[in-house]
Amino acid sequence: MRSIIEPKRELPVVAEVDVCVIGGGPAGLPAAIAAARQGASTLLVEMQGALGGMATSGFIGPILGHTASRSSIPVLGGIPEEMCRRMADIGQASDWEKSLEAWGVSFNAEGYKIIADRMVREAGIDVMLHTLFVDSVVEQDTMTHAIVESKSGRQAIKAKVFVDATGDADLAFRAGAECTKGRPADGRMMAMGSMFRIGGVDTLTDEVKKAVIDKMRQAVAAGELNLYGCSLGHRGSTIRDDETTANITRFGGDCTNVADLTEGEFTTRDLTWRVLDLWQTVPGAEGLYLIATPPHVGLRESRQLVGEYRITGQDVVQAVKYDDSVARCGYWIDIHCPLGLVEKGSVHLCSVNCSRKDCYMLTDYADQLPDELYPPDGEWFDIPYRTLVPKQIDGLLVSGRCISADYQAMSAMRVMGPCMATGEAAGTAAGMAANACIRPRSVDVAELRSSLESTGALV
């Protein structure tokens, strides 16, 4: 038994449920809803004060990975589509059909919050906000309890099945499941970066916008600003005409290390203000103003589960299909430089085509870098159920960006569309396992796929 605590004796058991989902972000929210709709008593635990994770607390948007590669063919359905349509119904997201022709589903972060609140309440899910996961308790290779900490103190949660939707594989890692972290060469993870909301953009002429971007490129070339691309943002986690959300800050670090997380918050906020100051020096752009920076720095990569199957970068570009598929992904190998480097204000990504020819990844580890990046046009690769299942630990499924994949494949699956889809799959499987009192790895995948298809999910 792996545990420093016997929760039944030393800690109060705050809940005993069929399914407990830790993490209420894009992967955890659909997981909890799916489990509850299976008839399983479900508890959803979230460390922030709102559901939505990076979509709300990180201002990350739009929802990407909703279509097949470079096409308008949908690869996302089920609960994720339902949520997008419900946001659109109250004027808080772009129209679903129109979004299929766009690069993502734009939304207002506040609208995401309220629809999330409504959907979990309608499903009868118990929710604990402001609650931090602390540890996993494992007995005979099966996770039995999650230890959490909140204003109510340290407590234990008992469940038949847990779903790790932390994004960082926190439950799996602390339960003793095998995980990797970062790329093989040096263990470095994709850079963090914070999106921020800008107002006043609707007042700018095309000439002023061009002058602002030119000014940014000059600052990057001079080494004065470290920006991921040079732009005034887009409608990502806002759909207002007078706002954009900018995705230009970055910080290279380990988001499972609290010192790096802290420095990431300081660095990206400082960079936000510095770039705003730069914009306002351009004649005609004086009216640009900062509406808000996010409560949490944006995260892209940390731990990856080693599951019963591991998706690879080759699976992505070859659009591989599987008999046990539970989700589809049409996104591409999109690796943000783990060193946090930029190149003359362009979108600087990590591949064999990187312009920094002196980088040690190119000189010493070029065989680890991707060459092809996209699945064939109109295609997608499948995400098999085995990638959600830890090799060693039972009573646990993993969803979202920390499922079993190598660092190339995870750069495609980390965006919100596939995270939401794997969340629905994990929650459905968890509910089925709990109802049948079986291990998650023993779930009948054909029955799971049929259940997902009945909700409109694309598998």
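Read-outs throughout are calculated quantities, based only on the coordinates presented, and are distinct from any laboratory measurement. Values in this document were obtained by computation on a predicted structure and should not be read as measured data. Cβ coordinates were reconstructed from backbone atoms using ideal geometry, including for glycine residues, and neighbour counts include every protein chain displayed.
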For the stretch 133-174, go through all pairs of different Cα atoms, get the mean of 1/r, take its inverse, and jot down that Kirkwood value in Å.
10.7
Can you work out D for the stretch 183-336 in µm² s⁻¹ from Stokes-Einstein, where Rh is the Kirkwood radius over C-alpha pairs, the temperature is 37 °C and the viscosity is 0.692 mPa s?
185
Relative contact order as a percentage, the chain, C-alpha pairs under 8 Å and 6+ apart, gives 24
So what's the gap between the Cα centers of the stretch 219-289 and the stretch 312-331, to the nearest angstrom?
33
In debye to the nearest 20, the charge dipole size for the chain, taken about the Cα centre with +1 at each Lys and Arg Cβ and -1 at each Asp and Glu Cβ, equals 420
Sort all Cα-Cα distances of the stretch 68-164 into consecutive 10 angstrom bins from zero, then give the percent of pairs in each bin up to the one containing the longest distance.
13, 30, 25, 23, 9, 0
Which order results if TRP273, TRP96, TRP332 are arranged by neighbouring Cβ count within 10 Å, fewest first?
TRP273, TRP96, TRP332
When ARG183, ARG449, ARG328 are ordered from fewest to most other Cβ atoms inside 10 Å of their Cβ, what list results?
ARG449, ARG183, ARG328
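With both bridge residues required to lie in the chain, what share of the DSSP beta bridges run antiparallel, to the nearest 5%?
For the chain, the DSSP antiparallel bridge percentage is about 65.
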Calculated log10 I(q)/I(0) by the Debye sum over Cα atoms at q = 0.06, 0.13 Å⁻¹ (choose from [x] -0.24, -1.17; [y] -0.32, -1.20; [z] -0.28, -1.22), label:
[x]
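How would LEU261, LEU76 line up from fewest to most surrounding beta-carbon atoms within 10 angstrom? If you can, show how the numbers build up before the last one.
Details: LEU261 17, LEU76 29.
Ordered from fewest to most neighbouring Cβ atoms within 10 Å, LEU261, LEU76 come out as LEU261, LEU76.
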Which one, VAL120, ALA221, SER237, is farthest towards the positive end of the dipole of the chain when Lys and Arg carry +1 and Asp and Glu -1 on their Cβ?
VAL120
What distance in nm lies between label points placed 7 Å from Cα along the C-beta direction at SER152 and ARG439?
3.2
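Just want to confirm a number: the relative contact order over the stretch 287-397, from Cα pairs under 8 angstrom separated by 6+ residues, in percent.
42
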Go through VAL19, ALA55, GLN38 and say which Cα lies farthest out towards the positive end of the charge dipole of the stretch 1-93; charges sit on Cβ, +1 for Lys and Arg, -1 for Asp and Glu.
ALA55
